[in-house]
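Visitor: Please read through the structure below; I'll follow up with questions.
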Amino acid sequence: MLKRLVTARETILLGAIVMLLALIATRFPGFVAPGNLASVFNDTSPLILLALGQMIVILTKCIDLSVAANLALTGMVVAMLNVAYPGVPVPVILVIAVTLGTIMGLFNGLLVWKLEIPPIVVTLGTMTIYRGIIFLISEGKWVNSHEMSDPFKAFPRAEVLGLPVLSWVAILAVVVIYLLMTRTTLGRAFYAVGGNPHAAVYAGINVGRTQFWAYTIAGALAGITGYLWVSRYAVAYVDIAGGFELTVVAACVIGGVSIAGGIGSVIGALLGAVFLGVINNALPVINVSPFWQLAISGGAIIIAVALNARANRTKGRVILKRAEQAA
Amino acid sequence: QDMRIALVVKALGIGFFEAAAKGAEEAAGELGGTEIIYTGPTDTTAEGQIEVINSLIAQGVDAIAISANDPDALVPALKKAMDRGITVISWDSGVAPEGRMMHLNPSSTELIGNTILKLAADHMPDGGDVAILSASATATNQNAWIEAAKAVLPNYPGINLVATVYGDDLSDKSYREAQGLMATYPDLKAIIAPTTVGILASCQAVTDEGKIGQVNVTGLGLPSEMAGCVESGATESFAIWNPIDLGYAATYIAHELAAGNAAAEPGASISMGRIGAVTLDDTNTGAMSDPFTYDASNIEEFKSIF
Amino acid sequence: MSTSSHFVPDRLQSPLARRLKSWETLLLIVAVAIFIANSFASPYFLNAWNLSDATFNFTEKAMIAFAMALLIISGEIDLSVASIIALASTAMGAAVQMGADTPTIVAIGLAVGLAAGAFNGFLVTGLGLPSIVVTIGTMSLFRGIAYIVLGDQAYRGYPESFAFFGQGYVWWVISFEFVLFAVLAVIYGIVLHKTNFGRAIFAIGNNPTGALFSGIRVARVKFILFLLTGLMAGVAAVCLTSRLGSTRPSIAFGWELEVVTMVVLGGVNILGGSGTIPGVVIAAFVMGLVTFGLGLLNVPGIVMSIVIGALLISVIALPRLWNMVRRP
Amino acid sequence: MLMKSEKSTEAAAVTASTPILALDGITKTFPGVKALSEVSLSLFPGQVTALVGENGAGKSTVVKILTGIYQPTEGHIIVDGEATRFSTAQAAADAGITAIHQETVLFDELSVAENIFLGHAPRGRFGLMDWPEMVRKSRAILDEIGAEIDPSHKLRDLGIANKHLVAIARALSIDARVVIMDEPTAALSHKEIQELYELVEQLKTQGKAILFISHKFDEIFRIADNYTVFRDGQFVGEGRIAEVDNDALVKMMVGREVDNIFPTRTASPGETVLEVDGYEHPTEFADISFSLKKGEILGFYGLVGAGRSEFMQSLFGITKPAGGMVKIDGTAVSIHSPADAVGHGIVYVPEDRGKQGAITPMPIFQNITLPSLARTSRKGFIRLAEEFQLARSFTERLDLRAASLDTPVESLSGGNQQKVVIAKWLATQPKVIILDEPTKGIDIGSKAAVHEFMTELAAQGLAVIMVSSEIPEVLGMSDRIIVMREGRIVAEVDGDDMTPETLVRHAAGIATEAMEG
Ligand SMILES: Nc1ncnc2c1ncn2[C@@H]1O[C@H](COP(=O)(O)OP(=O)(O)OP(=O)(O)O)[C@@H](O)[C@H]1O
Ligand SMILES: Nc1ncnc2c1ncn2[C@@H]1O[C@H](COP(=O)(O)OP(=O)(O)OP(=O)(O)O)[C@@H](O)[C@H]1O
Ligand SMILES: [Mg+2]
Ligand SMILES: [Mg+2]
């Protein structure tokens, strides 16, 4: 049972992260102090949230390039709402953020499901549209820290059991999505639809509708991340999280999610995000020139894909008796 | 209307430039018969500004006053504008001399360099470590100020500049860089961010790390945005010139040049209306005024202005 | 063999009839409509020099889009093109510092483009990795190398004669870039639609296994397409660097998605197997006209990208919506 | 065609009991194709009804309508006397209808248990899936059909035959009253087929109604109680299997007499074209050596999964062999890709037409000229007129039926698609043509045409290799037969040795044991 839950790929990735941490520790022991690790995790939480959503979408043979734009638009809307009505309590803000994100995800999903437009085209289009809408509603203006109300900014930072709420949201999402993926019909349908869409139809699964749900969930996660992002960094403007969509895809790929659909796991996506998070946080600390950062994460992606492809290569069948015994 | 002046900014939506646009309108009102086209790309790229410049050339504006995202890449496009008879000046962040007639510095580079260092040093009687968090690595004005600050470092014994990092004028990146600085240099006493995005993000990072009082954030920021930081104590003081004045001055100069009331040549003195006159040095560069320092004593007064 | 052979005609529809019903026709109508709308909206639009300036908004991206179209038709994609531009431009800048003359600079730009394309091609066809993730990786890697080399510095001081590629005019308002764009359009159109190589691209895009089983050297064709895409990014790097007169590592940031958008808007199936070069050419004009027309009205760039995004979705969605409404 | 009135009298004769499930006037149209036209069908408890018809007659379409994958354009499904339609596969399952589909429609990345229970998994607390229960139930079902498969394994680790067993287990996991089997034995070995027959008997005694689709007549006569015949999407007739014979059934299917006899030919093999020596692969085959002469038809027989296709594909340059030598016309050649193989005159008509054989979305003429573009072009530039001419000359020879040469191959029926693939290779003027299961899934009429054509090719001096798992076909067509088992050549038979018994013995590995024993 345990063997099935933690595949070899994830163990390798976990090993890579541990080795990376050990390596950093030799140059800067403070980095692996529990407090700092917690802060690295906290810093990676938005990436984790988005990677979970993206994983589901990729599992169903789709891709969502609009997550970062969705995040930014949701963030801007709640920030402007906070400025206009500082009294609106955080739970209401959260509901609004999730709802907005969900609606945007739902729109992507509808275009993919009902009009059967290729996912990459849909989300390429909605990515620019969502970003553009931010500009239109904000007139390009920033919402700054001092304009936001204190409770609005305090929520992601509030500490519960020593960890900020932001981290707890990510942990909660990991648990919920894990249950969703392994223990519900919809979760298994995501795998089925991506693994073999044709067979999914025969198993009574509506492929388009499953993809629609994937986008909707990804949208909801992007929405909640949108609020957490603007409140944590205490700023909202058109370009926040610009280009983040590709980082999110990269986290999934490093985590072993197959871009062809059907293969991937919650733990994998989590580890992929953490891996990138550790690299991003460690480089400035160990005094690697910031100019190396981009090339290093690019290299990491390529190596991860190559390793995953090797791990996934189908063994082929064994016809010869001799070979079977040898194998 | 007989004169159209384009105020091209690094990116739309940044508070600093919005304030400058206000100043430009003010100048236009004063001068009369002048229309301001406030424009710029949505993200801080040279390619985006070139497209904007091309469309301004096509519209045959009379003058372009630009705050550049890249000092070199804009040169060919701006040269073309000048070839078509358009007056081109740069302000705030400059363009290489061959791409403009003159450049208006908000203040003198040396003065700014000294000011940002002094702001930090003033609150560090015993000396200690400071770090600089800049905008993008390609921002000319930032780099010039940092160079100037480094040049006067020997005048501040005990102050130790440990690192220069880049937040790319992205708040999340700046935030993370600031966090990294505090993790790497536990004894850090001050973060100097000569950029409005960077100073805000650093302030937030210091607040979140619970290091108010330990790490002082200073640099260049807008009073309206910095009010919270000063209030919380994360920032003791910071400096900025008046962006409204800067937009006003740039517009005024552009108008004077385009109208033929003045010529951009070394040693020339060009009127900046209510602000006075600017005198050009041998690279046709002039400085508007000194930076002004804000702290708890005067922030209330200015935070509603810009 | 069977004596009562059935007669099977070559074609049911004349090529002309088919062309009239095609995507390109729809797009051409859109382009003409935008052109007319622009000339009403702004008094500055119908001016030879202005229109000539407007072409710079799309010529460089379109050059890459031609090769990208072939690549996408074959079922692959290259998201690293903008980063290849950065890398090639950095190499050219470094060459300038070492005193290279214009032909050498250009050769280096093209060579780096080819090398980057070869690297992508090797990862995809040699190691069998999915191109979308490989090129997301090399996108960071290539630009990352440019950052490592240049950091916060810039290369400038390109020779005078180098300026011709991005700033020179061949005749009156006709720029060198526009001529290059037109020539490349014709070459790519012929390669894709009139040669065996082009036919192989379609076959691979429709069914790579079937193409392999039909004796097509699938890996080789794909490798060549990655090379071509890299080369075109090199060509675009020469033009753009020449136009900017300097190199920063952030050069051409975000262009990959604009190039892909152009290709898809041009009617190329993102899943591979179909598409035309004329479609891409018209899409380039549509995008150029929209940005320029709105630019003349001083509409911010991001609003233009909403228009492009909406155009992208609606040109694909409208015919399908129409079918859905009409059928039941 | 039989009249409606005749049909109803026949139906009355079938049985006195009322059908569990019936189709009433079902019509199904696809864009441009009428797959079914007012067909009817009745299934009775405890009886096996065989549905027979040529390729494209609409059998699988009926299955898909019954299982909710397609919705009929007109007409109804009658369950327990009530007219209904199934909008999803789930709805059909809920109504007690389950099917083993013609294609294996399973999920490689999911576990065996999930493959069996996807869509109707047992639920535990909070409505979450109950994994242990699912594995337990799966094991029970697999045991029942005698399959030794661990339900917690991933499906992709299983062999093709085991995958089919999982598909069968999936069908049985639904508590069904109607079990549909669409060519269930096509991928199974002899032993597994026997077990399937037993299963069918068992299902009958449980009172389930079974719809059985097969092209194999011996099978139909062995297990069916009733038959229904479709032709070109139309109902032709039905009745009790005991009251009909082979010829009558064939006549109903094709609408004319078919002499099921293989074309007679006088083999006059010429000089040797192909020699293969010591071909081997790390996991799939070893020690393959044989030679082939001009004008000869060499049959390759073996049980499904014997590794014949793998070897042929390796010879064609798809997979890399570990060692061995190939000689064409006496000179050693190296083949690293299909392009090399075609260059040396070896061509391969694959088993999987849709995926490997044709580029189905592309027009017919482009498919045909694809490997010989060099001949219809000048310096790499395409010449359309020559292309059409080349395509036309071969489609006429093969009597291809199509609306026009620029229609996509996907719009053709299976048999016509196969003709396109063969035409494509003939256009390259090959020396050796390898046909892998050339008549698999092809109806009797088209089958005869393919056989006739192979004969003609051989007569023209082409060397033909035919891989087939059908004993009558290999025996009827081949001059010589090589038998493979577990990746090795176990026998080469010709002349009087070519009997069904020898083939089966060698293929199943009984021959050697018998000799030893
Ligand atoms: N999805 C589809 N779209 C268009 N035409 C289809 C589709 N599915 C089936 N057809 C057509 O419907 C007809 C009936 O096909 P069907 O698969 O039912 O035949 P079949 O009797 O099962 O044949 P076989 O013996 O080869 O399995 C064929 O002409 C086929 O081309
Ligand atoms: N374990 C498997 N998983 C998936 N597909 C398989 C598996 N085994 C066989 N197949 C595929 O099923 C089809 C039938 O395979 P088959 O058993 O005929 O193999 P083969 O080696 O060709 O044997 P034969 O000697 O019968 O030709 C082929 O397309 C093969 O690739
Ligand atoms: Mg069928
Ligand atoms: Mg086979």
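The values are calculated or read from the model by the stated rules, or taken from the named source; none is laboratory data. In this text the structure is predicted, and so the values were computed from the model without any measurement. Ideal geometry is used to build each Cβ from the backbone, glycine not excepted, and the neighbour counts take in all protein chains shown. Surface areas here come from the heavy atoms of the whole protein model, side chains and all, with no ligands, DNA or RNA. Shrake-Rupley method; radii C 1.70, N 1.55, O 1.52, S 1.80 Å.
Visitor: So residue D:118 ticks every box in (1) at pLDDT 85 or above; (2) more than 10 Å from every other protein chain (Cβ to nearest Cβ); (3) open to solvent by less than 30 Å² (accessible area, probe 1.4 Å) but one. Which box is left unticked?
Guide: Unmet condition: (2).
Visitor: Another question, if that's okay. Could you pull out every one of the helices (runs of 4 or more DSSP H) wholly within region D:1-95 that has 3 or more residues that are at pLDDT 85 or above?
Guide: Result: D:59-66, D:89-94.
Visitor: I'd like the full set of residues that are more than 9 Å from chain A (Cβ to nearest Cβ) and over 24 Å from the mean Cα position of the chain (by Cα), limited to region B:163-202.
Guide: Hits for region B:163-202 are B:182, B:185, B:187, B:188, B:189.
Visitor: Right, next: Determine the pairs where a residue that is away from ligand 1 (no atom under 16 Å from the Cβ), located within region D:287-315, has a partner that is charged (D, E, K, R) and assigned to a helix (DSSP H, G or I) with Cβ atoms under 9 Å apart, the partner being 6 or more residues away or on another chain.
Guide: D:299/D:473; D:300/D:308; D:301/D:308; D:302/D:308
Visitor: Please go through region C:120-144 and give me each residue that is within 8 Å of chain A (Cβ to nearest Cβ), of a type in the set (Val, Ile, Thr) and surrounded by fewer than 24 Cβ atoms within 10 Å (Cβ to Cβ), ordered by number. It would help to see each step written out before you state the result.
Guide: Residues of region C:120-144 that are within 8 Å of chain A (Cβ to nearest Cβ), as a first pass: C:123, C:127-130, C:132-134, C:136-144.
The next check asks that each one be of a type in the set (Val, Ile, Thr); those that pass are C:132-134, C:136, C:138.
Result: C:132, single match.
Visitor: Filter region B:264-275 for residues that are open to solvent by 50 Å² or more (accessible area, probe 1.4 Å) and in a loop (DSSP other than H, G, I, E, B) and give the result.
Guide: Once the filter is applied, which keeps residues that are open to solvent by 50 Å² or more (accessible area, probe 1.4 Å) and in a loop (DSSP other than H, G, I, E, B), region B:264-275 yields B:265, B:266, B:267.
Visitor: Looking at (1) open to solvent by less than 20 Å² (accessible area, probe 1.4 Å); (2) without any contact (Cβ under 8 Å) to a residue 24 or more places away in the chain, which is the only condition residue C:190 fails?
Guide: Of (1) open to solvent by less than 20 Å² (accessible area, probe 1.4 Å); (2) without any contact (Cβ under 8 Å) to a residue 24 or more places away in the chain, only one is false for residue C:190: (1).
Visitor: Would region B:164-176 turn up any residue that is in contact with a Gly (Cβ under 8 Å, 6 or more places away or on another chain) and part of a strand (DSSP E or B)?
Guide: For region B:164-176, residues in contact with a Gly (Cβ under 8 Å, 6 or more places away or on another chain) and part of a strand (DSSP E or B): present.
Visitor: Answer yes or no: is there a residue in region D:288-298 that is more than 21 Å from residue D:454 (Cβ to Cβ), modelled with pLDDT of 90 or more and touching a strand residue (DSSP E or B) at 6+ places or on another chain (Cβ under 7 Å).
Guide: Among the residues of region D:288-298, at least one is more than 21 Å from residue D:454 (Cβ to Cβ), modelled with pLDDT of 90 or more and touching a strand residue (DSSP E or B) at 6+ places or on another chain (Cβ under 7 Å), which makes the answer yes.
Visitor: Among A:109, A:125, A:105, which is modelled with pLDDT under 95, part of a helix (DSSP H, G or I), small (Gly, Ala, Ser) and buried (at least 23 other Cβ atoms within 10 Å of the Cβ)?
Guide: A:125
Visitor: Of these, D:54, D:103, D:82, which one is within 16 Å of ligand 3 (Cβ to nearest atom), free of Cβ contacts under 8 Å to residues at least 40 places away in the same chain and either open to solvent by 20 Å² or more (accessible area, probe 1.4 Å) or away from every other protein chain (no Cβ under 14 Å) (or both)?
Guide: Of the residues listed, the single one that is within 16 Å of ligand 3 (Cβ to nearest atom), free of Cβ contacts under 8 Å to residues at least 40 places away in the same chain and either open to solvent by 20 Å² or more (accessible area, probe 1.4 Å) or away from every other protein chain (no Cβ under 14 Å) (or both) is D:103.
Visitor: Something else now. For region B:276-286, give me each residue that is open to solvent by less than 50 Å² (accessible area, probe 1.4 Å) and more than 19 Å from residue B:98 (Cα to Cα).
Guide: Answer for region B:276-286, where residues must be open to solvent by less than 50 Å² (accessible area, probe 1.4 Å) and more than 19 Å from residue B:98 (Cα to Cα): B:276, B:278.
Visitor: Only one of these is farther than 30 Å from residue A:243 by Cα and either among the aliphatic types (A, V, I, L, M) or surrounded by fewer than 24 Cβ atoms within 10 Å (Cβ to Cβ) (or both): C:73, C:64, C:36. Name it.
Guide: Details: C:73 fails: farther than 30 Å from residue A:243 by Cα; C:64 fails: farther than 30 Å from residue A:243 by Cα.
Unique residue meeting the criteria: C:36.
Visitor: Related question: What are the residues in region D:393-423 that are part of a helix (DSSP H, G or I), facing another protein chain (nearest Cβ under 7 Å) and in contact with a helix residue (DSSP H, G or I) (Cβ under 8 Å, 6 or more places away or on another chain), if any?
Guide: Within region D:393-423, D:395, D:397 meet the criteria.
Visitor: Considering only residues of region C:203-223 that are open to solvent by 30 Å² or more (accessible area, probe 1.4 Å) and at the interface with chain D (Cβ under 7 Å from one of its Cβ atoms), which is farthest from residue D:426 (Cα to Cα)?
Guide: So the residue we want is C:206.
Visitor: Only one residue in D:254, D:273, D:236, D:304 is farther than 21 Å from residue D:189 by Cβ and under 23 Å from the mean Cα position of the chain (by Cα), so which one is that? Quick ask: steps written out before the conclusion?
Guide: Values: D:273 fails: under 23 Å from the mean Cα position of the chain (by Cα); D:236 fails: under 23 Å from the mean Cα position of the chain (by Cα); D:304 fails: farther than 21 Å from residue D:189 by Cβ.
Residue meeting the stated conditions: D:254.
Visitor: In region C:256-301, how many are more than 14 Å from chain B (Cβ to nearest Cβ) and open to solvent by 20 Å² or more (accessible area, probe 1.4 Å)?
Guide: Just the residues of region C:256-301 that are more than 14 Å from chain B (Cβ to nearest Cβ), to begin with: C:260-286.
When the remaining residues are screened for being open to solvent by 20 Å² or more (accessible area, probe 1.4 Å), the result is C:267, C:269-271, C:274, C:276, C:278, C:281-282, C:285.
Of the residues in region C:256-301, 10 are more than 14 Å from chain B (Cβ to nearest Cβ) and open to solvent by 20 Å² or more (accessible area, probe 1.4 Å).
Visitor: Ok, one more. If we scan region D:426-439, do we find a residue that is farther than 29 Å from residue D:276 by Cα and either within 23 Å of the chain's Cα centre (by Cα) or not assigned by TED's automatic domain parsing to the domain that holds residue D:57 (or both)?
Guide: No, there is no match, as no residue in region D:426-439 is farther than 29 Å from residue D:276 by Cα and either within 23 Å of the chain's Cα centre (by Cα) or not assigned by TED's automatic domain parsing to the domain that holds residue D:57 (or both).
Visitor: If you check residue D:472 against the conditions, is it within 16 Å of ligand 1 (Cβ to nearest atom) and either closer than 26 Å to residue D:318 by Cα or surrounded by fewer than 19 Cβ atoms within 10 Å (Cβ to Cβ) (or both)?
Guide: So residue D:472 fails the test.
Visitor: What's the total number of residues in region A:198-227 that are without any contact (Cβ under 8 Å) to a residue 12 or more places away in the chain and in a helix (DSSP H, G or I)? If you could, list the steps in order and put the result at the bottom.
Guide: Within region A:198-227, the first condition is being without any contact (Cβ under 8 Å) to a residue 12 or more places away in the chain, and the residues that meet it are A:198-204, A:206.
Remaining after also requiring in a helix (DSSP H, G or I): A:198-202.
Result for region A:198-227: 5.
Visitor: Now for a different question. Quick check: anything in region D:436-455 crowded, with 20+ Cβ neighbours inside 10 Å and part of a strand (DSSP E or B)?
Guide: Among the residues of region D:436-455, at least one is crowded, with 20+ Cβ neighbours inside 10 Å and part of a strand (DSSP E or B), which makes the answer yes.
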